[in-house]
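Structure record follows, encoded as structure tokens.
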Amino acid sequence: MEPTKRIYENESFCFEFTGHVLDCQPDKKGWLVVLDRTAFFPEGGGQPADTGLLGQAHVLDVHIRENVIYHLTDAPLTPGQEVKGQVDSTRRIDHMEQHTGEHILSGILHSLYGVENVGFGISADNVRLDANLELSAEQLAAAEEAANAAIRADSPVQVLYPTDQELAAMTYRSKKELEGQVRIVAIPGSDVCACCGTHLARTGQVGIIKILSAEKYKGGTRLSLACGGRAWKVLTHDHDQVSQISALLSAKPDQVAQAVQRQGEELAAQKQRCALAETHWFESLAGQVKPGEKQVMLAENLSPDSLRRLCLALSEKTDAPCAVFSPGGSGLAYALAWAGQDVRPLGKALNEALSGRGGGKPVLVQGSIAETDFEKVRAFFETL
Ligand SMILES: [Zn+2]
């Protein structure tokens, strides 16, 4: 079949066009439509395919094979028919913002640190860029600053089709060996790269680039980015979160991190004081236990660790079973000890009698029971 004329290569802001249907074949997921010309970008180079309309048919996916572009549609079209195409421009402009931003940042990472971009992908909720070298937070901050300066410089994004001779004299980034006419995307001051994708006309249209995260990946660095409208959404959301946290902590927005750290320290000190008070309380309860006396106790708000400590404190004073319960989840959490005995069979009997689960060591069993009526718990221990 004849190669499809690619309108998007030189007119990336052309979202409406007319073309002639050359072929339409049924496919597993719909119909595969071939036109003589198209503005629909087929998936490639990390940029997803366009969607939109061909006549009344929805274009669900677009791909290219041997220079022929196939539109996957949800309705058939008639060969020979002239059809109006409408590309979803919101989706495409978002992709161009991310893709052009990626060129700027990749070109700058390359010129600053000799980094190669070895992977790139745009999805609905993430823009991923894989660099082949490990990069420090300082290096990334410097690159991000330079990329945003390049955006404000509002340089043109040029598409060039150099001759073999011109190409041989050119320094450019490329992910693979290229054959045939090479398409070069050049952004003065930022990047020169072989690329098949669609781009904005000027760097200023990217608006902003923000690196959201960086992690070590296969000996290099995997970055998550947001450019343009996506960056604005992320920064707006984060700003809103900081404002809410700032109000909750009564701290200035630029001091919330210190305020959270201070709260953490205060919480740790409170926990220490609470544990100390509990220890005094447990000692006083244990002081009232008579040797040989069984202990079955219900206490509010005890953590699993506090249950354990209280139960062991009681068990030190008597050789009879000791059980402590505290409301937790939808039932009662418990700790069970029996000085000088393996307490596990008693734990098993308790679980069976009162719909419980849990286990432990010969000296201590912990778990929970579904039963919430403490009188039934007492009745169980009466039978011992
Ligand atoms: Zn590109």
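Here, each number is a calculation from the coordinates, and none is a lab measurement. No experiment lies behind these values; they were computed from the predicted model shown. Cβ sites come from the backbone with ideal geometry, for glycine too, and all protein chains shown count toward neighbours.
Observations
- Relative contact order, percent, the range 93-240 [alpha-carbon distance under 8 Å, six or more residues apart]: 32 percent
- When the chain is treated as a Gaussian network with alpha carbon springs shorter than 10 Å, the biggest mean-square fluctuation among Gly347, Gly101, Gly52 belongs to Gly347.
- Over 21 Å [Cα-Cα, the range 289-382], rounded percent: 19 percent
- Other residues whose C-beta falls under 13 angstrom from the C-beta of Glu138 contribute a net charge of -3, scoring Lys and Arg +1 and Asp and Glu -1.
- Extension gain from Ile245 to Arg37, taking 0.36 nm per residue of separation minus the Cα-Cα distance: 69.6 nm
- What the phi angles of the range 351-361 give under the Karplus curve with 6.51, -1.76 and 1.60, with θ = phi - 60°, is a coupling list of 4, 5, 6, 10, 6, x, 8, x, x, x, 10 Hz, glycine and proline written as x.
- Cα→Cβ-extended label distance, 7 Å offset, between Thr90 and Gln341, nm: 7.0 nm
- Span per principal axis, largest first, for the Cα atoms of the chain (Å): 99, 50, 39
- Greater than 23 Å apart at Cα, pairs in Lys271/Lys317; Lys29/Lys233; Lys348/Lys376: Lys271/Lys317; Lys29/Lys233
- Measuring r between the beta carbons of Leu160 and Tyr217 and using R0 = 25 Å, the FRET efficiency lands at 0.20.
- Estimated vicinal HN-Hα couplings, Hz - the range 238-247 in sequence order (Karplus 6.51, -1.76, 1.60; Gly, Pro = x): 5, 4, 4, 4, 4, 4, 5, 5, 4, 5
- Charge-dipole axis of the chain as Lys and Arg at +1 and Asp and Glu at -1 on Cβ define it, positive-most pick from Leu200, Leu133, Trp31: Leu133
- Each Cα pair under 8 Å and six or more residues apart adds its sequence gap; the mean of these over the residue count of the chain is a relative contact order of 10 percent.
- In this rough spin-label picture, where each label sits 7 Å from Cα along the Cβ direction, the Asp319-Lys294 distance is 1.8 nm.
- Dipole check for the chain: with +1 at the C-beta of Lys and Arg, -1 at the C-beta of Asp and Glu, and the Cα centre as origin, the magnitude is about 1020 Debye.
- Point-to-point label distance, Val234-Gln272, nm (Cα→Cβ direction, 7 Å offset): 3.9 nm
- Take every Cα pair under 8 Å whose residues are at least 6 apart in sequence, average their separation, divide by the length of the range 289-382, and the relative contact order is 25 percent.
- Lys/Arg +1, Asp/Glu -1 at C-beta; the chain dipole; positive extreme among Leu302, Thr383, Ser155: Thr383
- Cβ-Cβ distance of Ala153 and Gln81, R₀ of 35 Å, FRET efficiency by 1/(1 + (r/R0)^6): the value works out to about 0.15.
- Shape of the range 39-138, Cα gyration tensor, a/c cut at 1.5: prolate
- Once the Cβ-Cβ distance of Asp305 and Asp130 is raised to the sixth power relative to R0 = 56 Å, the FRET efficiency obtained is 0.80.
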